[in-house]
1. What are the residues in the range 210-238 that are assigned to a loop (DSSP other than H, G, I, E, B) and surrounded by 12 or more Cβ atoms within 10 Å (Cβ to Cβ), if any?
2. Pick out the one residue from PRO42, PRO4 that is within 18 Å of GLY263 (Cα to Cα) and buried (at least 21 other Cβ atoms within 10 Å of the Cβ).
3. I'd like the residue in the range 34-59 that is modelled with pLDDT of 95 or more and within 16 Å of the ligand (Cβ to nearest atom) and, out of all such residues, is farthest from ASN103 (Cα to Cα).
4. Within the range 135-143, is even one residue modelled with pLDDT under 95 and more than 15 Å from the ligand (Cβ to nearest atom)?
5. Determine which member of the set GLY25, GLY10, GLY109 is within 15 Å of the ligand (Cβ to nearest atom) and not in a helix (DSSP H, G or I).
6. Take the residues in the range 113-168 that are farther than 17 Å from GLN188 by Cβ and among the β-branched types (Val, Ile, Thr), then tell me which one is farthest from the chain's Cα centre (by Cα).
7. Among the residues of the range 242-260, are any among the aliphatic types (A, V, I, L, M), more than 19 Å from the chain's Cα centre (by Cα), buried (at least 18 other Cβ atoms within 10 Å of the Cβ) and farther than 21 Å from GLY147 by Cα?
Amino acid sequence: MKIPELFKSGKTVFSFEIFPPKKDGSIETVYNTLDGLSDLHPDFISVTYGAGGTLPGASTREIACIIKEKYHTNSIAHLTCVNSSKADIDRTIEEFKASGIENVLALRGDINPDIPPKKDFMHASDLISYMRERSDLSFSGACYPEGHIESESIDKDIENLKIKVDAGASHLISQLFFDNSAFYRFIQKVRAAGITVPVEAGIMPCVNAKQIQRMVGLCGASLPQKFTKMIARYENNPEAMRSAGIAYAVDQIVDLCSNGVDGIHLYTMNNPAIARKIAESVSSVIRI
Ligand code: FAD
């Protein structure tokens, strides 16, 4: 199913993100993750693109295909373009067609200072325009409630987001955030800019303080006092940090649902046990 169809009922869409196994990992880890997630009945599962994915049968495309065919769950394959030529993307389109992939999260990808980007696709919007002319795939895009880290301002970033949506992104998934008010301000600006496609809120449970501090360093999410106090108190007690982090994510999700969010996209970090705790806690508020 194409992702925009999921939003037509008006219910809050609930989805998960997973990543392919690392280079030295095993394909079994993907099956373990999917076994643990699929009976939570997410509306879709998206699969990241980049690190890992070099094991036979474990590329982003192959995992997105397994999710659809073996787990009977909708999937999205992430795809970056910063290091791709048009010929690379032509090949990818053919592979997607052969695998029955329907949905793509089209991304520019982060620019690695040691690898000069190729010139064919400067932005995610270029990738969407190019692929849209050559396939009938459905495209999602990334968005940044507190602005993309390279952007001069949130207003400029939303102007660029409009270009991405006009190019054909029919669904957006947000970067993680810990301050719901930042998300609400962002949505107001997005709608005022004439962007009408569904926007899912990206939620990452903070169950490991070091991991979250690294992520926040990369994406620049602001940290409300409630959140920093939680980390300061529990970071050295893994069990307490896990419980507090799950409770914080649940609290964020309930507030977002109360405020009519289009969807919740849970960054599972391939940890089905935590996804289960959260999904079970919010199951009755999310399906309304
Ligand atoms: P773009 O939309 O191209 O935006 C990048 C920057 O360029 C922004 O500052 C924007 O304002 C500006 N810009 C955009 N369009 C224009 C334009 N037409 N003219 C001028 N400026 C413009 N990375 C991975 O490597 N693999 C993944 O699987 C992955 N999954 C992700 C999933 C989500 C939900 C999110 C939020 C991010 C993900 N990323 C992933 C990270 C992403 O690749 C980086 O954030 C990257 O730096 C930007 O990608 P983008 O697609 O948002 O880029």
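The values are calculated or read from the model by the stated rules, or taken from the named source; none is laboratory data. The structure displayed is predicted, hence computed values, not measured ones. Cβ: placed from backbone, ideal geometry, glycine included. Neighbour counts: every protein chain shown.
1. Pass one, the range 210-238, residues assigned to a loop (DSSP other than H, G, I, E, B): 220-224, 235-237.
Once the filter is applied, which keeps residues that are assigned to a loop (DSSP other than H, G, I, E, B) and surrounded by 12 or more Cβ atoms within 10 Å (Cβ to Cβ), the range 210-238 yields GLY220, ALA221, SER222, LEU223, PRO224, GLU235.
2. Values: PRO4 fails: buried (at least 21 other Cβ atoms within 10 Å of the Cβ).
Only one candidate passes the filter, namely PRO42.
3. Among residues in the range 34-59 that are modelled with pLDDT of 95 or more and within 16 Å of the ligand (Cβ to nearest atom), the one farthest from ASN103 (Cα to Cα) is PRO42.
4. Of all residues in the range 135-143, those modelled with pLDDT under 95 come to none.
Within the range 135-143 (the criterion being modelled with pLDDT under 95 and more than 15 Å from the ligand (Cβ to nearest atom)), the answer is no, since none of the residues qualifies.
5. Numbers: GLY25 fails: within 15 Å of the ligand (Cβ to nearest atom); GLY10 fails: within 15 Å of the ligand (Cβ to nearest atom).
GLY109 is the lone residue from the list that is within 15 Å of the ligand (Cβ to nearest atom) and not in a helix (DSSP H, G or I).
6. To start, the set of residues in the range 113-168 that are farther than 17 Å from GLN188 by Cβ comprises 113-142, 148-152, 160, 163-164, 166-168.
Applying the additional criterion that residues be among the β-branched types (Val, Ile, Thr) yields 115, 128, 149, 163.
Numbers: ILE115: 24, ILE128: 17, ILE149: 17, ILE163: 20 Å.
Here the residue is ILE115.
7. Yes; the residues of the range 242-260 include at least one that is among the aliphatic types (A, V, I, L, M), more than 19 Å from the chain's Cα centre (by Cα), buried (at least 18 other Cβ atoms within 10 Å of the Cβ) and farther than 21 Å from GLY147 by Cα.
Residue by residue, here is whether (1) surrounded by 15 or more Cβ atoms within 10 Å (Cβ to Cβ); (2) over 21 Å from the mean Cα position of the chain (by Cα); (3) more than 22 Å from SER38 (Cα to Cα) holds:
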{"residue": "TYR71", "(1), (2), (3)": "yes, no, no"}
{"residue": "ASN74", "(1), (2), (3)": "yes, no, no"}
{"residue": "VAL82", "(1), (2), (3)": "yes, no, yes"}
{"residue": "ALA87", "(1), (2), (3)": "no, yes, yes"}
{"residue": "ARG91", "(1), (2), (3)": "no, yes, yes"}
{"residue": "ALA98", "(1), (2), (3)": "no, yes, yes"}
{"residue": "ILE101", "(1), (2), (3)": "yes, no, no"}
{"residue": "LEU105", "(1), (2), (3)": "yes, no, no"}
{"residue": "GLY109", "(1), (2), (3)": "yes, no, yes"}
